[in-house]
Amino acid sequence: MRSLPFIAICTGIALLAFAGLRATGNGYLFVAGYIVLQFVVLATAWNILGGYCGYVNFGSAAFFALGAYTSVFFYKLEEIPLPIPLLIVAGGIVSGIVGLATGYLTLRLRGAFFAIATLAMAVVLQTLIVNWDFVGGSRGAYILHPENLELGGFSLPYSEYLFLLMLALALIAVAAARAIERSQLGFGFATIRDDELAAEASGVPTLRLKLIATTLSGALMGMAGAPFPYYIGYLQPSSTFGLEYGVNSIAMPMIGGTTSWIGPLLGALLLGSVQEYARVTISSSINLLIVGLLLVVFVIIAPNGLVGLVHQRLRRKP
Amino acid sequence: MTALLHVERVSKRFGGFVALDGVELAVAPGERLGLIGPNGSGKSTLVNCICGTLQNEQGQVYFDGAPMDGLAAHQRTHRGLARSFQLPRPFVSLTLADNIRVPMLYTVHKRSGPLHADSVSARCVELLSLVGLDHKAHHMPRDLTQVEMRKLELARAVAAEPKLLIADESMAGLSHSEIDDMLKLLMTLNQRGITIILIEHIMSAVMRFSQRLVVLVTGRKIADGRPEDVVRDPEVVRAYLGQ
């Protein structure tokens, strides 16, 4: 399927989902759906570097938090608050630049060393934010938003507005990942994952491609983080840089399958929903336990994720 | 003679170990050169310095008249230098056809402008049939035997449409008839105008293939000339058989 029909179909499905949620009249579903969609963006973004290129990033939370703190920065700076779509672009730019810089400094490292470097980067950035008073420092920052979005006589509850924004971002992320996968760039990424020396010998400019991947991946994570302060209302470093984002961004693609765009999407929808459900019904801190257990199970029975399981089935049939 | 490849006093150290010590080498366009030497004599290091996998500390590599100093491996591939690896390094998550497609997309594309998707696919099939793997175009590398893996390695190097091909021990571990296949393949490539450096331990193959033979021992070139003369050279005999 070409890109345009694919995007059209996905947009159709997304709008149907939105209409369906509205029809239930349950406002909570938008609040929960936002978190699930946010994970779709994060998992897809992680997968561009981690799944396609084979570089495991443990610092996803930092890129996410940078996007969020970019919004806080503009919120504190401006008398008239910037519209959130603009903040999403700004967050994407900031995290993209940091992604590029991180890539430049660390991509000569491979395997575990790269992973450790990204973890270190996250710690450094968190320390910077904690000590930066303007954006709230360790106290955190309050972000107030109106109850409804008023747009030329048209009124929409803010939670639905944020949900729609995240829905659009998820669409963009998934469509971008899918387009990359089928392009020359995607081929190049796969050769980097398989064998960098052989990739260079075949003429693939590996360093440049890896920088493209870190920038894209970082930018998407930042975009996912930008609306977050408006969603949560009170942003503090310890939770924004928290384990939840770093671990989930890795676990979701792993459980879904890392070699194609559909893996992170499935993983995020599945794991995100289960976590949200458990948070409400059992306990608010059980979600990481679920992620951990599922990850262990999948590593043992389906190391290539759900997508890998399906492929295996299909291959066994004929 | 204007050499296609000119290696000028190239030296390379790994810590205190001198892997290459002032190696001089010139290869003419269209030539078939054999490069031999005992294990650890620096053959693969020389290939790595020529292809940009390693950067030499001293000396200079000229290819097609231009200095290669500081150029990354992929930039040298774009200029027409291709190599196969001693141990095959296929892209394991790509089919054979896609393995061949990579150098076409990233090297040929770059050199001669965008190719049509159909012509890329046709060329993939053509190259795979050249090495006798066309029937496995949609298989994964893990389905291949060792000799097929080496053929894929060569086909991928050739797919970059190189001026110079360096085949690093593409025959190790192969049977006699498989070696014959490989030699035939290399001869065909040479007849199509590709200059070839063959690095090999199997002397019968090297002697049949090479127009000129170069011997490396402990990082130095000790002989360079007609194969028949070189193998009689007392210094070469001493290096191989001891005294």
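Some notes on this structure:
- Matching residues in the range B:52-67 - criterion: being part of a loop (DSSP other than H, G, I, E, B) and out of contact with any helix residue (DSSP H, G or I) (no Cβ under 6 Å at 6 or more places or on another chain): B:Gln55, B:Glu57, B:Asp64, B:Gly65
- If the condition is being under 27 Å from A:Gly257 (Cα atoms), of a type in the set (A, V, I, L, M) and within 14 Å of chain A (Cβ to nearest Cβ), then the range B:98-139 contributes B:Ile100, B:Val102, B:Leu105.
- Of all residues in the range B:4-17, those that are touching a residue at least 40 places away in the same chain (Cβ under 8 Å) and over 12 Å from B:Lys221 (Cβ atoms) have Cβ atoms under 6 Å from Cβ atoms of residues that are surrounded by 13 or more Cβ atoms within 10 Å (Cβ to Cβ) and of a type in the set (Val, Ile, Thr), 6 or more apart or on another chain, in B:Leu4/B:Val27; B:Leu4/B:Thr195; B:Leu5/B:Val27; B:Lys12/B:Thr45.
- In summary, A:Val247 fulfils each of the numbered conditions (1) closer than 28 Å to B:Val92 by Cα; (2) away from chain B (no Cβ under 14 Å); (3) of a type in the set (Val, Ile, Thr); (4) buried (at least 22 other Cβ atoms within 10 Å of the Cβ) with the single exception of condition (4).
- Residue check, B:Lys136 within 24 Å of B:Leu5 (Cβ to Cβ), over 21 Å from the mean Cα position of the chain (by Cα) and basic (Lys, Arg): no
- Taken over the range A:193-202, the residue count meeting the criterion of being within 29 Å of the chain's Cα centre (by Cα) and surrounded by fewer than 22 Cβ atoms within 10 Å (Cβ to Cβ) is 4.
- Verdict on B:Arg111 being closer than 29 Å to A:Arg315 by Cβ and touching a residue at least 24 places away in the same chain (Cβ under 8 Å): no
- Among the residues listed as A:Pro205, A:Pro157, the single one being crowded, with 18+ Cβ neighbours inside 10 Å and either touching an Asp or Glu at 6+ places or on another chain (Cβ under 9 Å) or within 14 Å of chain B (Cβ to nearest Cβ) (or both): A:Pro205
- Note on the range B:189-221: residues that are closer than 21 Å to B:Thr45 by Cβ and not aliphatic (A, V, I, L, M) amount to 9.
- A:Val89 satisfies every condition listed in (1) surrounded by 14 or more Cβ atoms within 10 Å (Cβ to Cβ); (2) touching a residue at least 24 places away in the same chain (Cβ under 8 Å); (3) not in a helix (DSSP H, G or I) except (3).
- Considering the range B:71-97, the residues that are within 7 Å of chain A (Cβ to nearest Cβ) and in a helix (DSSP H, G or I) include one that is farthest from B:Val125 (Cα to Cα), namely B:Ala73.
- B:Gly65 fulfils the conditions (1) over 24 Å from B:Ala160 (Cα atoms); (2) over 18 Å from the mean Cα position of the chain (by Cα); (3) not charged (D, E, K, R) except for a single criterion, (1).
- Residues of the range A:267-289 satisfying the condition of being surrounded by 16 or more Cβ atoms within 10 Å (Cβ to Cβ), over 15 Å from A:Val247 (Cβ atoms) and under 16 Å from the mean Cα position of the chain (by Cα): A:Leu269, A:Leu270
- Scanning the range B:41-67 for residues that are without any contact (Cβ under 8 Å) to a residue 60 or more places away in the chain and among the small types (Gly, Ala, Ser), we see that the one that is farthest from the other protein chains (Cβ to nearest Cβ) is B:Gly59.
- Of the residues making up the range A:260-277, those that are in contact with a Ser or Thr (Cβ under 9 Å, 6 or more places away or on another chain) and either farther than 19 Å from A:Trp46 by Cα or basic (Lys, Arg) (or both) number 0.
- Here B:Asp180 passes the criteria (1) out of contact with any helix residue (DSSP H, G or I) (no Cβ under 6 Å at 6 or more places or on another chain); (2) surrounded by 21 or more Cβ atoms within 10 Å (Cβ to Cβ); (3) more than 14 Å from chain A (Cβ to nearest Cβ); (4) within 20 Å of B:Gly132 (Cβ to Cβ) except the one numbered (2).
- Selection over the range A:141-154 of residues that are in contact with a helix residue (DSSP H, G or I) (Cβ under 7 Å, 6 or more places away or on another chain) and surrounded by fewer than 19 Cβ atoms within 10 Å (Cβ to Cβ) gives a count of 5.
- In the range A:170-184, the residues that are within 14 Å of chain B (Cβ to nearest Cβ) reach residues that are assigned to a loop (DSSP other than H, G, I, E, B) with C-beta atoms within less than 6 angstrom, at least six apart or across chains, in these pairs: A:Glu181/A:Trp261.
Only the coordinates and a few stated rules stand behind these numbers; no lab work does. Note that the structure is a prediction, hence the values are computed from the model and not measured. Cβ sites come from the backbone with ideal geometry, for glycine too, and all protein chains shown count toward neighbours.
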